[in-house]
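Step one of this worksheet: look at the structure below.
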Amino acid sequence: MTVLDTLAATLAPHGDIKPGEPLSRHTTFGVGGPADLFVTVRDAAALAAVTVATHDAGVEQFVLGSGSNILVADAGIRGVVIDNRARAEAADSSGALVRVESGASFAGFARKMCRLGLDGLTWAVGIPGTLGGAVVYNAGAYGGCLGDVLTRVRLQDHDNGDHWIEAADLGLVYRGSVFTRGQFAGKTVLEVEVRLQPADPVALLARAAANDGKRLGAQPRGRNAGSMFKNPPQSPAWKLIEAVGLRGAERGDAAISDKHCNFFVNYGNARAADVAWLVHEAEHRVQEQFGVRLEREVAFVGEW
């Protein structure tokens with residue numbers, strides 16, 4: 001029996017196990033090779049138990065939310081991929097301080113808060129991903145970001161176990177945090193707490209609908225991972241990519257969207273390698289022509 005076989009038996013009480021699961025089924029890009037072990041968990045306790053057991057077994061792990069904002073290699077991900085579907089939520093007596101597990105849909109949660117008359121997340125109603133992922137990348141749009149309302153997060157890690165940490169200690173910046181900078185390696189977000197403000201639900205839903213309209217008008221539909229690059233100070237990333245002649249560029253079934261040049265899309269059966277080629281080409285041309293280094297917002301994960 002291999003280490004993974006033994007680990008699969010250990011993890012089975014905490015979630016559903018699928019060996020060799022294709023990750024293309026679980027990413028918004030629709031690309032990506034297999035996970036050695038794919039484990040679906042449905043609450044924060046199971047998420048914590050799986051991360052601890054996997055670490056103790058000396059096996060690599062990757063926590064997957066909704067599969068947005070990542071490009072998985074064609075060779076897949078070694079070790080354990082944890083499909084996080086922990087979605088419970090609770091509010092304090094005022095209703096404005098809300099705790100929600102990290103696998104909850106960020107867009108769905110934001111829309112629900114608008115319906116309940118709680119302000120602070122109207123900008124997020126169309127953003128894909130989970131609350132856990134939103135913490136990692138300090139998700140934002142239309143002048144708002146999660147850091148504006150985040151109070152603290154509950155973490156699981158090897159040294160401190162299950163504990164809460166204040167938002168001020170997460171180093172939140174534009175599309176980044178201590179997680180993206182590698183300073184919190186091995187720490188898993190279990191739960192998120194936000195403080196919102198009471199407001200008129202009709203007005204909040206109207207603002208949310210207006211943001212939906214802007215997003216649908218500007219961004220391509222279909223299989224993509226969201227904005228590929230952060231916007232550099234000099235110019236929006238899409239303008240730089242368009243200026244170097246890459247609007248609509250294709251490689252295999254992968255393409256740079258002709259609707260929005262900062263979106264890279266899968267028109268059919270794109271390979272991760274084809275998407276990566278277009279990303280590298282955009283980075284090279286923009287650096288060569290403008291001296292600007294594009295910084296990726298989408299994470300390249302797996303065995304490249």
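Mind listing the phi-derived Karplus ³J(HN,Hα) values for the range 64-73, rounded to whole Hz, using 6.51, -1.76 and 1.60 with θ = phi - 60°, and x for any glycine or proline?
Listing the rounded values in order: 9, x, 8, x, 8, 6, 9, 10, 8, 4 Hz.
Past the 26 angstrom mark, what percentage of all C-alpha to C-alpha distances in the range 89-207 do you count? Intermediate values should be presented prior to the final figure.
Details: 1093 of 7021 pairs.
Roughly 16 percent, once rounded to a whole number.
Considering only DSSP beta bridges with both partners in the chain, what is the antiparallel share in %, to the nearest 5?
Numbers: 41 of 54 bridges.
Around 75 percent antiparallel, to the nearest 5.
I need the calculated FRET efficiency for the pair D200 and K259, taking r as the beta carbon distance and R₀ as 35 Å, to the nearest 0.05. Intermediate results must be reported in sequence, preceding the final value.
Values: r = 34 Å, r/R0 = 0.97.
Efficiency, from the Cβ-Cβ distance: 0.55.
I need M1, M228, M113 ordered by Cβ neighbour count within 10 Å, fewest first.
Details: M1 7, M228 26, M113 29.
In increasing order of surrounding Cβ atoms, one gets M1, M228, M113.
Report for the range 3-84 the percent antiparallel among DSSP-assigned beta bridges with both residues inside it, nearest 5.
Values: 6 of 16 bridges.
The antiparallel proportion sits near 40 percent.
Going by the alpha-carbon gyration tensor, a ≥ b ≥ c the square roots of its eigenvalues, is the range 3-84 rounded (a/c under 1.5) or, if a/c is not under 1.5, prolate (a/b greater than b/c) versus oblate? Walk me through the numbers before you get to the answer.
On the way: a/c = 2.02, a/b = 1.49, b/c = 1.36.
In terms of gyration-tensor shape, prolate.
If R0 is 41 Å, what FRET efficiency do you get for R247 and A210 from their C-beta distance, rounded to 0.05? If you can, show how the numbers build up before the last one.
Values: r = 27 Å, r/R0 = 0.66.
Between R247 and A210 the formula returns 0.95.
Sort 75-88, 92-105, 230-243, 205-218 by the packing proxy (mean of other Cβ within 10 Å over each peptide's residues), most packed first. Please report the intermediate quantities before stating the final value.
Details: 75-88: 21.9, 92-105: 18.8, 230-243: 16.6, 205-218: 14.0.
Output ranking for 75-88, 92-105, 230-243, 205-218: 75-88, 92-105, 230-243, 205-218.
Going by how many other Cβ atoms sit within 10 Å of their own, how do T10, T51, T28 line up, fewest first? Show your work: numbers first, answer last.
Working: T10 14, T51 22, T28 18.
Final ranking by Cβ density, sparse to dense: T10, T28, T51.
Working only with C-alpha atoms, what are the Rg and Dmax values of the chain, expressed in angstrom?
19.5, 59
Scan around G79 for amide H atoms under 5 Å from its own, H built in the peptide plane at 1.01 Å from N, and keep only partners 5 or more places away or cross-chain.
D36, L37
Under a 5 Å amide H to amide H cut-off, with H placed in plane at 1.01 Å, what residues pair with A104 once short-range neighbours are removed?
Counting only residues 5 or more places away or on other chains, the set is L131, G132.
Let me know the whole percent of all Cα-Cα pairs from the range 220-301 that are separated by more than 18 Å.
Details: 1069 of 3321 pairs.
Roughly 32 percent, once rounded to a whole number.
Taking 41 Å as R0, compute the FRET efficiency from the Cβ-Cβ separation of D169 and K239 and round it to 0.05. Let's see the in-between values first.
Values: r = 35 Å, r/R0 = 0.86.
Working from the Cβ atoms, E equals 0.70.
Can you spot the lysines whose alpha carbon is less than 20 Å from K187's alpha carbon? Ignore those fewer than 8 places along the same chain.
none
Treat each spin label as a single point 7 Å out from the Cα along the C-beta direction, and report the E281 to A299 distance in nm.
2.7 nm
Under 21 Å Cα-Cα from K214, which lysines qualify once same-chain neighbours fewer than 8 residues away are excluded?
K112, K230, K239, K259
Where a number appears in this text, it was derived from the coordinates with a stated rule and is not lab data. Computed from a predicted structure; not experimentally measured. Positions of Cβ are backbone-derived with ideal geometry, glycine not excepted, and every protein chain shown enters the neighbour counts.
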